[in-house]
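Note sheet for the following structure.
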Amino acid sequence: MKTDKEKTYDYDKKTALQKAANWCAYQERSQQEVRDKLYEWQMKSLEVEEIISTLIAENFLNEERFAFAYVSGKFKIKKWGKIKIKQGLKLKRVPDTIIKKALNSIDGDEYVATLRNLLEKKQQTEKEKNAIKRQFKLVNYLHSKGYEKDLIFILLKNINL
């Protein structure tokens, strides 16, 4: 019996293109995700690049559209900060210029409001009594969510914590 890792695929280029197009139509994908999927399907590297070119030409694959969707989802749904979002996009090998453009689409006021809400929620659940340790834990939590330390400290200072 074969496991998922041992699956064998026998797709011709046309079938792989159709499957990849459907996969991209379902959800925005980065070029690297599609490339990885095609290699998983045991496509040859020349075929992979031809399929990716076709997907781009037919607008199934658009790195900028992917980056904007990724930024929007990670910020609005997961409440991630810009640092964590940027790292995620870099892992998907999105070009820096596109990452910068997509991150700039986050509204500054909404960004600070989200950070403030996260801080307020965490303050309510944080059990630490020692003020310094408490502040350290809050900073670490918000930083782990991908928010910039200078912004975190400004916010903490403004609410006198």
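Nothing in this text is a laboratory measurement; each read-out follows from the coordinates by a stated rule. No experiment lies behind these values; they were computed from the predicted model shown. Ideal geometry is used to build each Cβ from the backbone, glycine not excepted, and the neighbour counts take in all protein chains shown.
In a DSSP loop and with at most 11 other Cβ atoms within 10 Å, there are no chymotrypsin sites (Phe, Trp or Tyr not before Pro) in segment 71-123. Relative to the longest principal axis of the Cα atoms of the chain, helix 63-76 runs at roughly 30 degrees. If only the Cβ of Lys and Arg carry +1 and only the Cβ of Asp and Glu carry -1, the dipole of the chain around its Cα centre is close to 1000 debye. How about residue 13: which aspartates and glutamates have a C-alpha closer than 18 Å to its C-alpha, ignoring those fewer than 8 places off in the same chain? Candidates past the 8-residue exclusion: 33, 36, 40, 47, 49, 50, 58.
For segment 67-161, the convex hull spanned by the alpha carbon atoms encloses 91 Å³ per residue.
Rg and Dmax over the alpha-carbon atoms of the chain stand at 20.9, 64 Å. Averaged over residues, the count of other Cβ atoms within 10 Å places the peptides 27-33, 128-134 in the sequence 27-33, 128-134, highest first.
Considering helices alone, the calculated mean residue ellipticity of the chain at 222 nm is -21500 deg cm²/dmol, with DSSP H runs of length four and up weighted by -39500 (n - 2.57) and normalised per residue.
Partner aspartates and glutamates whose Cα lies under 15 Å from the Cα of residue 79, excluding those fewer than 8 positions away in the same chain, are identified as 107, 109, 110, 120, 148. Between 61, 151, 38, the GNM of the chain built on Cα springs shorter than 10 angstrom shows 151 fluctuating the most. Electrostatic bookkeeping for residue 145 treats Lys and Arg as +1 and Asp and Glu as -1; over the other residues with beta carbon under 9 Å from its beta carbon, the sum is +3.
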